[in-house]
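What follows is a set of notes on a single structure, which appears directly below.
The values are calculated or read from the model by the stated rules, or taken from the named source; none is laboratory data. This is a predicted model, so every value here is computed, not measured. Reconstructed Cβ throughout: ideal geometry from the backbone, glycine too, with neighbour counts over all protein chains shown. For the accessible areas, the whole protein counts, side chains as well, though only heavy atoms, and no ligand, DNA or RNA atoms are used. Shrake-Rupley method; radii C 1.70, N 1.55, O 1.52, S 1.80 Å.
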Amino acid sequence: MGSFAGGGLPQDDVVVTALRAGDEAMFAALLNTWSGGLLRVARSYVSTDHSAEEVVQDTWLAVIGGIDCFEGRSSVKTWVYRILVNTAKKRGVRESRTLPWSAFEQDGGWPAGLGPVPPGGWKEAPAAWPTPEGEALASEVRELIAESLARLPPRQRIVITLRDVEGCTSDEVCEILEISAANQRVLLHRARAAVRGWLADYFESVKPPE
């Protein structure tokens, strides 16, 4: 199996076959492609960067150990992220860091029977983040986005990280986190609204005087 640098990952059946055959190049490709995202999601559950790194390491060990049992009911990516979330949740509980996902209704869940998400929510993905001119300003904005995500409640942060940073679909997020479509929409709406509000305040503060 050759290098996958710059070419993306092949289809799931190719990935699974290679992993089951012990293909080191395929495993390295998965590491390079997904480890950063796995680390960001893990960090939402645990208290330190070191703990998040250990969660990711444990996840990859579980992937290697469990690939023969993979049944293809979901994508490989979803399966790996599910392993990560379960591993991170267990670690987070030990650290008294997380609440059970059943507490969603106490963390911004839109109550049943009250209709759709309130005005201001996105029925579709919002436009791309603002891209200011100048590398220095762009770098500052990237840091601001990271800081804004860190300020969100854990459940909102996990959902927006999976959707807007890692590019997961709504169905994938629901499957990874084992939450309803309604909860996913509400959490994403609230997270996006908060982050965009903080960004709007920032751009207002740096806008040159007229």
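Would you mind calculating the gained length between GLU24 and LEU199 on full extension (0.36 nm times residue separation, minus the Cα-Cα distance), in nm to one decimal?
Values: separation 175, 0.36 × 175 = 63.00 nm, distance 4.18 nm.
Full extension of this stretch gives 58.8 nm more.
If R0 is 25 Å, what FRET efficiency do you get for GLN57 and ARG94 from their C-beta distance, rounded to 0.05? Don't skip to the end; give the middle numbers.
Values: r = 16 Å, r/R0 = 0.64.
Rounded to the nearest 0.05, the efficiency is 0.95.
What is the spin-label model distance, in nm, from ASP171 to VAL14 if the labels are put 7 Å beyond Cα along the C-beta direction?
In this crude spin-label approximation the distance works out to 2.2 nm.
From the phi angles alone, apply the Karplus equation (6.51, -1.76, 1.60; θ = phi - 60°) to the range 157-164 and give each ³J(HN,Hα) in whole Hz, x where the residue is Gly or Pro.
The phi angles translate into 4, 5, 5, 5, 5, 5, 6, 9 Hz.
How much net charge surrounds THR78 when only the other residues with a Cβ under 14 Å from the Cβ of THR78 are counted, with Lys and Arg +1 and Asp and Glu -1? Each step should come with its number before you reach the end.
Working: positive: ARG73, LYS77, ARG82, ARG163; negative: ASP12, GLU71, GLU166, ASP171, GLU172, GLU175, GLU178.
In short, -3.
Taking a probe of 1.4 angstrom, what is the accessible area of PHE203 in Å², to the nearest 10?
So the heavy atoms of PHE203 present about 60 Å² to solvent.
Using θ = phi - 60° and the Karplus relation 6.51 cos²θ - 1.76 cosθ + 1.60, list the HN-Hα couplings for the range 63-79 in order, rounded to whole Hz, with x at every Gly or Pro.
Along the range 63-79, the couplings run 5, 4, x, x, 4, 5, 9, 5, 9, x, 6, 9, 5, 4, 4, 4, 4 Hz.
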